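Heads up, the thing below is written out as structure tokens.
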Amino acid sequence: MLDLELIRKNPSLVKERLSLRNRELESLVDGVLELDALRRSILKSLESLRAERNAKSKEIGSLKKKGEDTRTLEEEVKSLKDKIEDYEKELSSVEARLRDRLLRIPNLPHESVPVGEEESQNLEVRRWGEPRDFSFEPKSHWDIGERLGIFDFERAGKVSGSRFVVLKGWGAKLERALINFMLDLHSGKGYREVLPPHLVRPEVLVGTGQLPKFEEELYRCDRDDLYLIPTAEVPLTNLFREEILSEEDLPLYMVSYTPCYRREAGSYGKDIRGIIRQHQFNKVELVKIVKPEDSYRELEGMTSDAEDVLKLLGLPYRVVLLCTGDMGFASAKTYDIEVWFPSQGKFREISSCSNCEDFQARRMNTRYRDAEGRLRFVHTLNGSGLAVGRTLAAILENYQQEDGSILVPEILRDYLKVERIIPP
């Protein structure tokens with residue numbers, strides 16, 4: 001959530017930065033200013049009415065001591081009480097509308113973010129590794145998986161419908177090996193491993209920015225008013241909601257493996273085949289909670305940590321800096337890491353690493369007390385380290401052999417105890 005004081009004092013700056021995402025967002029700022037002005041007007045009237053009521057109540061007390069008639073004043077106080085109650089109801093309504101409007105405004109892009117409207121305007125930062133030259137036509141990961149007998153889309157469809165898969169045999173073992181490898185790697189770098197709940201309260205999703213704007217993307221358990229998490233970022237970041245941390249507590253580094261659940265409501269017709277876009281998928285997530293002055297250095301470190309997974313697996317990738325129009329709602333700056341898929345002849349996203357600055361912290365009211373005793377909002381960062389299913393798919397495609405087998409990346413051989421996955 002943006003700082004309301006910033007919107008009041010410098011609305012032109014806020015509009016300018018938001019317009020780099022989408023020009024239609026400027027009207028949200030005007031709506032906030034109108035509601036804020038109305039709120040302050042109501043508060044001023046309330047203060048005046050309350051002061052008048054208190055003065056008259058005091059006068060009634062004095063008159064009663066003297067034995068004088070107070071009926072007229074008591075009627076006036078009753079009338080004031082009714083007016084105050086009406087104003088309080090109106091204030092509550094206006095404050096709710098103001099908060100809702102503020103919650104629907106995305107974060108301001110950092111000055112270093114390239115201006116653009118869509119994915120094609122993202123800026124490539126670097127590449128690592130060389131795509132392999134195949135002596136045969138490389139197959140897609142879904143063809144490889146079905147031929148190896150490790151993917152079962154048909155039976156997953158019987159159980160759950162489209163965009164689900166059953167992993168079997170070496171597929172399940174490879175997924176588990178990847179999870180363990182990623183957790184071991186990141187926890188060895190100082191990230192504390194956390195296993196959070198997968199069901200969370202609505203206010204938790206408000207805290208990280210999924211609600212209220214992205215309700216249609218979430219799975220909700222209506223009877224209990226709980227949501228299935230779309231990413232471990234949600235529970236991890238919210239572990240410190242409504243808390244005041246000490247400066248000595250920071251930075252906080254966390255890593256977590258969880259299944260993630262997404263309706264993919266806006267992706268009709270995209271990635272129908274394979275396991276790139278599923279309603280349920282496994283992911284290892286990185287979260288950092290840091291001091292504001294450190295957050296952009298920490299973003300570079302987090303991105304490097306996610307890249308190390310691909311380097312150790314020997315998978316070619318590139319890093320792109322997302323443009324203003326392609327960034328996530330809560331992000332001030334985002335790097336996407338894209339891994340090479342030979343069958344498609346292109347890079348596909350496998351991780352996003354974002355600095356949300358104090359945007360989420362304001363929604364969660366997560367602060368820390370600095371060395372001078374001042375209360376300040378923390379900065380929050382999150383990144384995939386990595387999406388496990390997409391990593392599995394990339395391994396199948398990049399390590400496929402002409403005889404249909406899959407070479408196991410060297411770093412995973414201690415986990416799987418084999419060097420090659422062979423067709424049945």
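The values are calculated or read from the model by the stated rules, or taken from the named source; none is laboratory data. Note that the structure is predicted; figures quoted are calculated from it, not measured. So basically every Cβ, Gly included, is an ideal-geometry build from the backbone, and we count neighbours across all protein chains shown. Accessible surface is based on the protein model in full, side chains and every heavy atom, while ligands, DNA and RNA are left aside. Shrake-Rupley method; radii C 1.70, N 1.55, O 1.52, S 1.80 Å.
Numbers at a glance
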| item | result |
| --- | --- |
| Test: residue in the stretch 187-200 that is open to solvent by 30 Å² or more (accessible area, probe 1.4 Å), modelled with pLDDT of 95 or more and part of a helix (DSSP H, G or I) | yes |
| Positions within the stretch 7-36 being open to solvent by 60 Å² or more (accessible area, probe 1.4 Å) and hydrophobic (A, V, I, L, M, F, W, C), in sequence order | Leu13 |
| Residue in the stretch 313-325 that is closer than 18 Å to Ile276 by Cα, of a type in the set (Ser, Thr, Tyr), surrounded by 20 or more Cβ atoms within 10 Å (Cβ to Cβ) and modelled with pLDDT of 95 or more present | yes |
| Residue count, the stretch 113-143 (criterion: open to solvent by 70 Å² or more (accessible area, probe 1.4 Å) and among the aliphatic types (A, V, I, L, M)) | 2 |
| Any chance Ser304 is in a strand (DSSP E or B), open to solvent by 10 Å² or more (accessible area, probe 1.4 Å) and among the hydroxyl-bearing types (Ser, Thr, Tyr) | no |
| Listing of helices (runs of 4 or more DSSP H) fully contained in the stretch 326-424 that carry 2 or more residues being crowded, with 20+ Cβ neighbours inside 10 Å | 359-364, 388-398 |
| Criterion (at pLDDT 95 or above, out of contact with any Asp or Glu (no Cβ under 9 Å at 6 or more places or on another chain) and not in a loop (DSSP other than H, G, I, E, B)) met by exactly one of Glu90, Glu137 | Glu90 |
| Answer residue from the stretch 7-50, given it is acidic (Asp, Glu) and in contact with a helix residue (DSSP H, G or I) (Cβ under 7 Å, 6 or more places away or on another chain) and is modelled with the lowest pLDDT among those | Glu26 |
| Selection within the stretch 229-249 - assigned to a loop (DSSP other than H, G, I, E, B) and surrounded by fewer than 17 Cβ atoms within 10 Å (Cβ to Cβ) | Leu239, Glu242, Glu243 |
| Filter result (under 30 Å from the mean Cα position of the chain (by Cα) and on the phi < 0 side of the Ramachandran plot) within the stretch 149-170 | Phe151, Phe153, Ala156, Gly157, Val159, Ser160, Ser162, Phe164, Val165, Val166, Leu167 |
